[in-house]
Each structure stands twice: as structure tokens, then as C-alpha cells.
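A short write-up of the structure that comes next.
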Amino acid sequence: MKQKPILYYTYDPMCSWTYGFEATRRELFEKLGDSVEIEFLVGGLAPDSDDPMPEETRSFLQQTWHKIEQRVPGVHFNFDFWEKAKPRRSTYPACRAVIAARHFGPEYEGLMTAAIQRAYYQEARNPSDDSTLIELAAEIGLNADEFAGVLSDPATQQKLLEEIGKCRAMKQDSYPSLLLEVSETSRWQIAIDYNNEETMREMIVSVLRNEG
């Protein structure tokens with residue numbers, strides 16, 4: 001039996017470009033329907049660290065936020081984060097939170113990702129902190145204690161490392177990214193269009209038609 005095409009979506013919940021892509025991504029996935037199987041993978045931008053974010057990185061990320069606001073209409077950031085929070089270049093905790101949320105049902109991955117993005121980009125809260133992530137779990141309807149247990153489980157960290165390894169093996173090292181796998185020997189990189197889901201959908205449909 002021929003495998004169903006898989007669309008790999010690689011992202012990091014604390015990647016600002018992922019946040020900028022979110023509305024268009026949702027529209028794209030909705031329009032694709034069941035024509036492809038969609039697999040979400042967290043790529044892990046930045047390992048665990050307790051060190052304060054270097055000033056150079058803070059400046060670069062703030063410039064990136066401004067750039068996204070200019071490039072993607074309707075996307076806005078709360079720059080209070082840089083004054084109110086204590087930024088660290090550490091996204092692995094948020095990635096683990098997404099994986100932990102999956103444990104309670106596939107629908108919680110999207111809910112947790114949205115909660116992390118809301119907290120980080122709109123509410124000046126820091127998703128590099130486990131305490132923030134546990135608060136967010138409660139806000140999306142999960143039991144905070146149960147979630148905390150899964151978040152700290154070594155199996156969750158192992159799953160994260162496996163997903164990062166899979167992303168790297170497929171050369172998905174910038175986020176967000178879309179990779180269409182029609183077969184084991186046929187993979188197509190789908191260029192991200194932050195403002196128009198139709199260009200990506202047409203590319204996917206064209207590949208499926210030609211490869212089908």
C-alpha cells in the first residue's frame with residue numbers, strides 16, 4: 001500500500017518567525033485537509049541555559065521582531081518583555097512543554113504552542129522558565145502537577161533530542177520549515193510564504209499531482 005504523503009512542519013514555539021507564520025500556517029493546513037498527513041516536529045533553537053541573554057542577542061532579536069512586524073501585517077510584539085522579563089537564550093524548556101502537552105492529547109500541542117507564544121510575545125512572560133510553562137498548562141486546562149511531572153520526565157527530554165535529530169537528518173535547520181515527503185526517495189522543500197498560504201498549497205498540490 002502506498003504511503004500517504006507526509007508534510008513535516010518543523011518549528012520552535014519560541015521562534016519569532018514561527019509566531020509570524022502562525023496565522024498563514026493555520027489557513028494552509030486547513031485548506032490541505034486530509035490530502036497529506038501533517039507531522040509536527042520541534043527543532044529546538046537554543047539548549048538549556050541559566051545565563052542571561054547577551055546584549056548582542058537581545059538587540060538582534062528585537063530587530064527581528066521589528067522586521068516581522070513590517071513584513072507580516074497584523075503581527076505585533078510586546079517589547080515590554082525586554083524590560084520586565086529576564087531573557088535567556090533557552091528554548092528547550094518550551095519545546096519540552098509542547099512535547100509534554102502532547103502526552104495529554106494531540107490537541108494540547110497546538111494549545112500549548114499558542115499559550116507559549118501569547119505569554120512570550122504579548123504578555124512579557126518568560127517561557128524559558130518551567131514555572132511559566134506550568135502556569136500555562138493550567139491555563140489551557142491541564143492539571144499543573146501532572147504536567148510538571150511529564151515536563152521533568154527524562155523521557156520528555158529524550159523525545160526532544162529525537163525530534164531535533166530527525167530535523168537535522170532531514171536538513172531542517174531553520175524554522176519554520178515545511179518538507180513534503182511523497183516517498184522515502186522523494187522529498188520536497190516547500191518555501192515559506194508568510195503572507196499567502198495559496199502559494200504553498202499550489203506547490204504542494206503540484207508536487208502531489210506530478211509524483212502521484
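The values are calculated or read from the model by the stated rules, or taken from the named source; none is laboratory data. This one's a predicted model, so the numbers in the text were calculated from it and none came from an experiment. So basically every Cβ, Gly included, is an ideal-geometry build from the backbone, and we count neighbours across all protein chains shown. All accessible areas refer to the heavy atoms of the entire protein, side chains included, with ligands and DNA or RNA removed. Shrake-Rupley method; radii C 1.70, N 1.55, O 1.52, S 1.80 Å.
Just to be sure I understand, how many residues within the range 69-82 are without any contact (Cβ under 8 Å) to a residue 60 or more places away in the chain and among the aliphatic types (A, V, I, L, M)? Qualifying residue count, the range 69-82: 1.
Here is a check on your reading of the model: is residue 12 in contact with a strand residue (DSSP E or B) (Cβ under 7 Å, 6 or more places away or on another chain), among the charged types (D, E, K, R) and closer than 23 Å to residue 124 by Cβ? Considered against the rule, which asks whether it is in contact with a strand residue (DSSP E or B) (Cβ under 7 Å, 6 or more places away or on another chain), among the charged types (D, E, K, R) and closer than 23 Å to residue 124 by Cβ, residue 12 comes out as yes. Of the residues 81, 60, the single one that is closer than 21 Å to residue 46 by Cα, open to solvent by 20 Å² or more (accessible area, probe 1.4 Å) and hydrophobic (A, V, I, L, M, F, W, C) is 60. Of the residues making up the range 99-112, those that are in contact with a Phe, Trp or Tyr (Cβ under 8 Å, 6 or more places away or on another chain) and open to solvent by less than 10 Å² (accessible area, probe 1.4 Å) are 100, 101. Restricted to the range 184-212, and to residues that are among the acidic types (Asp, Glu) and in contact with a helix residue (DSSP H, G or I) (Cβ under 7 Å, 6 or more places away or on another chain), which residue is least open to solvent (accessible area, probe 1.4 Å)? Only one residue fits best here, namely 197. The residue pairs whose first member lies in the range 141-156 and is closer than 18 Å to residue 42 by Cα and assigned to a helix (DSSP H, G or I), whose second member is open to solvent by less than 70 Å² (accessible area, probe 1.4 Å) and of a type in the set (S, T, N, Q), and whose beta carbons are closer than 8 Å, counting only pairs six or more residues apart or on different chains, are 150/156. Restricting attention to the range 15-31, does a residue exist that is over 13 Å from the mean Cα position of the chain (by Cα), of a type outside the set (D, E, K, R) and loosely packed, with under 15 Cβ neighbours inside 10 Å? Checking the range 15-31: not a single residue is over 13 Å from the mean Cα position of the chain (by Cα), of a type outside the set (D, E, K, R) and loosely packed, with under 15 Cβ neighbours inside 10 Å. Would you be able to say whether some residue in the range 100-120 is part of a loop (DSSP other than H, G, I, E, B), over 16 Å from the mean Cα position of the chain (by Cα) and under 22 Å from residue 173 (Cα atoms)? Checking the range 100-120: not a single residue is part of a loop (DSSP other than H, G, I, E, B), over 16 Å from the mean Cα position of the chain (by Cα) and under 22 Å from residue 173 (Cα atoms).
Each row is one residue, and each column tells you yes or no for (1) over 30 Å from residue 209 (Cβ atoms); (2) of a type in the set (Ser, Thr, Tyr); (3) in a helix (DSSP H, G or I).
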site	(1), (2), (3)
26	no, no, yes
47	yes, no, no
59	yes, yes, yes
63	yes, no, yes
87	yes, no, no
93	yes, no, yes
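If you take the residues in the range 157-183 that are assigned to a loop (DSSP other than H, G, I, E, B) and either free of Cβ contacts under 8 Å to residues at least 60 places away in the same chain or of a type in the set (S, T, N, Q) (or both), which one is most open to solvent (accessible area, probe 1.4 Å)?
171
Of the residues making up the range 36-46, just one is open to solvent by 50 Å² or more (accessible area, probe 1.4 Å) and either on the phi > 0 side of the Ramachandran plot or modelled with pLDDT under 95 (or both), namely 45.
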